1. Take the conditions more than 18 Å from residue 98 (Cα to Cα) and in a loop (DSSP other than H, G, I, E, B) and apply them to residue 46. Does it pass?
2. Which numbered condition trips up residue 78, out of (1) touching a Leu at 6+ places or on another chain (Cβ under 8 Å); (2) buried (at least 17 other Cβ atoms within 10 Å of the Cβ)?
3. Any chance you could count how many residues in segment 205-238 are surrounded by 11 or more Cβ atoms within 10 Å (Cβ to Cβ) and either closer than 28 Å to residue 132 by Cα or in contact with a Leu (Cβ under 8 Å, 6 or more places away or on another chain) (or both)?
4. Does segment 102-110 contain at least one residue that is within 30 Å of residue 146 (Cβ to Cβ) and of a type outside the set (Val, Ile, Thr)?
5. Please give the number of the condition residue 198 fails out of (1) within 25 Å of residue 127 (Cβ to Cβ); (2) without any contact (Cβ under 8 Å) to a residue 24 or more places away in the chain; (3) of a type in the set (A, V, I, L, M, F, W, C).
6. Sort out which residues of segment 14-40 are among the small types (Gly, Ala, Ser) and part of a helix (DSSP H, G or I), and write them in order of number.
7. When only residues in segment 52-103 that are among the basic types (Lys, Arg) and in a helix (DSSP H, G or I) count, which is nearest to residue 14 (Cα to Cα)?
8. If we keep just the residues of segment 1-13 that are among the hydrophobic types (A, V, I, L, M, F, W, C) and part of a helix (DSSP H, G or I), which is nearest to residue 54 (Cα to Cα)?
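The values are calculated or read from the model by the stated rules, or taken from the named source; none is laboratory data. Every value quoted in this text rests on a predicted model; they were computed, and no experiment measured them. Positions of Cβ are generated from backbone atoms using ideal geometry, with glycine treated the same way; all protein chains shown enter the neighbour counts.
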Amino acid sequence: MMNVFAYYNYRKYLQDYYEYRKSMQRYFSYRTFAKKAGYTSSGFYLDVVKGRKALTPQMVPKFITALGLSEKEGRYFSLMVDFTHADNPESKQKIFDEMSALLPCSVRKLNKQQQEYYSKWYYVVARETLAILNINEKNIADLALFLNPRISLPQAKQAIKLLSELKIIEKDENGFFRPAQQTIASGREITPLFVHGFQKQMIDMSKDALDNYSTERRNISCTTMSVSAEGLQRIIHKIDLFRKEIVDIVRSDEGESMVCELNIQFFPLTKEKEGVEK
């Protein structure tokens, strides 16, 4: 069965739900679901998944029934719809807190860990730095001075404390802190607000890198283009493949001497023209 609590975006949940049901029941279709949910348009489901239409408050109960969700799962799904549609950070945070309260304790704890880990940019950077420097309780100041921009000694100590509590660093045989194999995991999609906050921190730091590093030490460029809807999806796919190639390079890399950040931004600058023929 599909676990609704593993999702934050109801469109993604509905997409995976359909694919799951289709794999289990060959004759399951959008029309089958529409009949069960009590609406007539067989294309409505796909329109919702693709973002062309949204679930209205009147349609949400029908979908909950057709999805076979329990009362608690239905409440979570309803909040997930509100979360996806919310258009400001304050509303999203409020709804996210309500969603979190409905999660199983183990998942709720995981979300709290994620939120703490991504709340400060230097928590993430400190963890990576521990693969490079020999840091123990006696020389945590070296960690604070190694980061750029530098952080304070209390901040470095707090980073070590948090990373230890989350069990994503551990001591090696010589007593030095090292990144552990365990990582901060997530559900089937990573869209919580705290990850967005971390991304914004890193984007801000990339602006400083323009002035603080020479072109031999950084690569920052911009390209403005006009594309079709199909072209947009092809570019996003290429970016995903590129990111995976970078990860492969990092995994096979040896003799690390610094921590770097790779930010990839690709986003619309205009509305989309309607009625364009393909």
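1. Values: more than 18 Å from residue 98 (Cα to Cα): yes; in a loop (DSSP other than H, G, I, E, B): no.
For residue 46, the condition - more than 18 Å from residue 98 (Cα to Cα) and in a loop (DSSP other than H, G, I, E, B) - is not met.
2. (1)
3. Qualifying residue count for the region: 8.
4. Here is the first cut: in segment 102-110, the residues within 30 Å of residue 146 (Cβ to Cβ) are 110.
Okay, now just the ones that are also of a type outside the set (Val, Ile, Thr), so 110.
Yes - at least one qualifying residue is present in segment 102-110.
5. Just one mismatch for residue 198, condition (2).
6. Keep residues of segment 14-40 that are among the small types (Gly, Ala, Ser), which gives 23, 29, 34, 37-38.
Of everything in segment 14-40, those that are among the small types (Gly, Ala, Ser) and part of a helix (DSSP H, G or I) turn out to be 23, 34, 37.
7. If we take residues in segment 52-103 being among the basic types (Lys, Arg) and in a helix (DSSP H, G or I), then 62 is nearest to residue 14 (Cα to Cα).
8. Going residue by residue through segment 1-13, those that are among the hydrophobic types (A, V, I, L, M, F, W, C) are 1-2, 4-6.
Now narrow it down to the ones that are part of a helix (DSSP H, G or I): 4-6.
Numbers: 4: 18, 5: 20, 6: 21 Å.
Step by step, filter segment 1-13, then rank; the result is 4.
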